Amino acid sequence: MRLAVLSGKGGTGKTTVAVNLALSLAPHRQTTYVDYDVEEPNGFIFLHPQIRTTSTVFLPYPKINGACTLCGKCSEACQYHALAVVGDQVLVFPELCHGCGTCGIVCPVGAVDEVKRPLGQIDEGERGGLQCLQGVLKEGESLSGPVIRELRHHEKGHTSQVEEVVVADCPPGSSCSVIHSAEGSDLALLVTEPTLFGLHDLKIAVRLMREMGLDFGIIINKDDGGPLIREYCTIEDITLLGSIPFDLEIAKIYSRGLNLMHEPKWDDLFKMLSERIVTEVNQRRAGGERA
Ligand code: SF4
Ligand code: SF4
């Protein structure tokens, strides 16, 4: 079972939900928490896993050798403008290169060699039976796609059994990184706040889920009991999976870099939420099999 935790924007409590959900599931099912928010991963701050391995993610980029005839075919073919023939040389801009390999394919004289640069890293660890993975994009880099792809590859290596649960803490927003980290999930959990801004971003996330054809439900964070999100769910026929009340104690625990499971009150809340989510996925699966 794969659960993608998303939010239309940052700061809605997405990681709080993902981390505590994973912790509440772990004693009952083999669970893996994966932090796909590679530009700003912070799940490990609250999980404190013991890191077992760290591997570097490399991205290939071209290095032009002496066989080059300056024909310009590589720079014409590069849709990312990472190559330019200037005077008697081909300039390469590694930070623009997406590592697609097209320049090497189109070069008629084999003048494109491939070299690699480090783009980020994947950390794997464990905390009391909960498997933990995170991708970290190197500072100053903007190309998160290859790190996310590599992280999904590692995730697959971790999860071989159907009954295992993956909690994917996806990047905020509605970019390609969100799509690549959420696709293939059994259920997406859209975390939102009950404000007009929250609703605005939630609507964008809902549109994305519908375009992707992903099953999804909503979790209200900092819930004040108001009607804003509830009415939206009713109008749009979206399942409200649960809510986390507005409580200053949560903010205090969060600011100390702790998870909420130490407190019985929040432990119970996340147990109920995780049971509700697992039931929801099983019901949708059963409904899908019947259809
Ligand atoms: S590998 Fe692709 S993106 Fe990089 S320089 Fe070559 S064509 Fe451009
Ligand atoms: S396609 Fe090959 S030969 Fe032509 S400019 Fe590029 S590297 Fe040089």
Quiz item: Computed from the mean reciprocal separation of all distinct C-alpha pairs, what Kirkwood hydrodynamic radius does region 1-110 have, in Å?
Solution: 18.0
Quiz item: Using the Cα atoms of region 66-110 to build a convex hull, what is its mean projected area in square nanometres?
Solution: 2.9
Self-check item: Where trypsin sites (Lys or Arg not before Pro) fall in DSSP loop in region 109-168, at most 11 other Cβ within 10 Å
Solution: none
Quiz prompt | Mean projected area in nm² (Cα convex hull; one quarter of hull surface) for the chain | solution = 18.1
Quiz prompt | Ranked Met272, Met212, criterion: other C-beta atoms within 10 Å, fewest first | solution = Met272, Met212
Quiz item: Where the eigenvalues come from the Cα gyration tensor of region 196-291, what are the semi-axes √(5λ) of the equivalent ellipsoid, largest first, in whole Å?
Solution: 26, 19, 12
Quiz item: Long-range amide H contacts for Phe58: which residues qualify at under 5 Å (H placed 1.01 Å from N, peptide plane, sequence gap of 5 or more or a different chain)?
Solution: Leu119
Self-check item: Within a Gaussian network of the chain (alpha carbon springs, distance under 10 Å), most fluctuating of Thr31, Thr53, Thr15
Solution: Thr53
Quiz prompt | Taking Asp268, Asp169, Asp201 and counting other C-beta atoms within 10 Å, the order from fewest to most | solution = Asp268, Asp201, Asp169
Quiz item: Once you charge only the Cβ atoms, +1 for Lys and Arg and -1 for Asp and Glu, what is the size of the charge dipole of region 1-151 about its Cα centre, to the nearest 20 debye?
Solution: 420
Quiz item: If one computes the Cα centroid of region 98-140 and of region 1-55, what distance in Å separates the two points?
Solution: 22
Practice problem: Quick one: among Glu236, Glu163, Glu126, which has the greatest mean-square fluctuation in a GNM of the chain with alpha-carbon springs under 10 angstrom? | Solution: Glu236
Quiz item: If you rank Ser175, Ser24 by fewest surrounding Cβ atoms within 10 Å, what's the result?
Solution: Ser175, Ser24
Practice problem: Return the single residue from Ser144, Ser274, Ser75 with maximal mean-square fluctuation; model: Gaussian network over the chain, springs between Cα atoms under 10 Å. | Solution: Ser75
Quiz item: Hey, what did region 1-119 get for relative contact order, percent, Cα under 8 Å, at least 6 apart?
Solution: 25
Exercise. Kindly write out, for region 255-269 in residue order, the coupling ³J(HN,Hα) from the Karplus curve 6.51 cos²θ - 1.76 cosθ + 1.60 (θ = phi - 60°), rounded to whole Hz, with x marking Gly and Pro.
Key: 5, 8, x, 10, 8, 7, 6, 5, 9, x, 4, 7, 4, 4, 4
Quiz prompt | Separation of alpha-carbon centers, region 167-207 and region 249-291, rounded to whole Å | solution = 17
Quiz prompt | J(HN,Hα) series, region 180-196, from Karplus relation 6.51 cos²θ - 1.76 cosθ + 1.60, nearest Hz, glycine and proline x | solution = 5, 8, 9, 4, x, 7, 6, 8, 9, 10, 8, 8, 9, 10, x, 10, 5
Exercise. Putting +1 on Lys and Arg Cβ atoms and -1 on Asp and Glu Cβ atoms, find which of Ala111, Gly101, Gly128 reaches farthest to the positive end of the dipole of region 89-130.
Key: Ala111
Self-check item: Vicinal HN-Hα couplings computed from phi for region 140-148 (Karplus, 6.51 cos²θ - 1.76 cosθ + 1.60; Hz; Gly/Pro x)
Solution: x, 8, 10, 8, 7, x, x, 5, 5
Quiz item: Which pairs in the list Lys9/Lys265; Lys138/Lys222; Lys222/Lys271; Lys14/Lys156; Lys156/Lys271 are over 29 Å apart, alpha-carbon to alpha-carbon?
Solution: Lys138/Lys222
Practice problem: Hey, can you grab everything whose amide H is under 5 Å from the amide H of Thr239? Only 5+ residues off in sequence or another chain; H modelled, so Pro and N-termini drop out. | Solution: Ile218
Quiz item: Taking Cα pairs under 8 Å and at least six residues apart, what relative contact order does the chain come out at, in percent?
Solution: 27
Quiz item: Between Ile244 and residues 5 or more places away or on another chain, which pairs have amide H atoms under 5 Å apart, with H built 1.01 Å from N, and which residues are they?
Solution: Ile220, Asn221, Lys222, Asp223
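FYI, it's all coordinate maths here, none of it is from the lab. Quantities reported herein were computed from a predicted structural model and do not represent experimental measurements. So basically every Cβ, Gly included, is an ideal-geometry build from the backbone, and we count neighbours across all protein chains shown.
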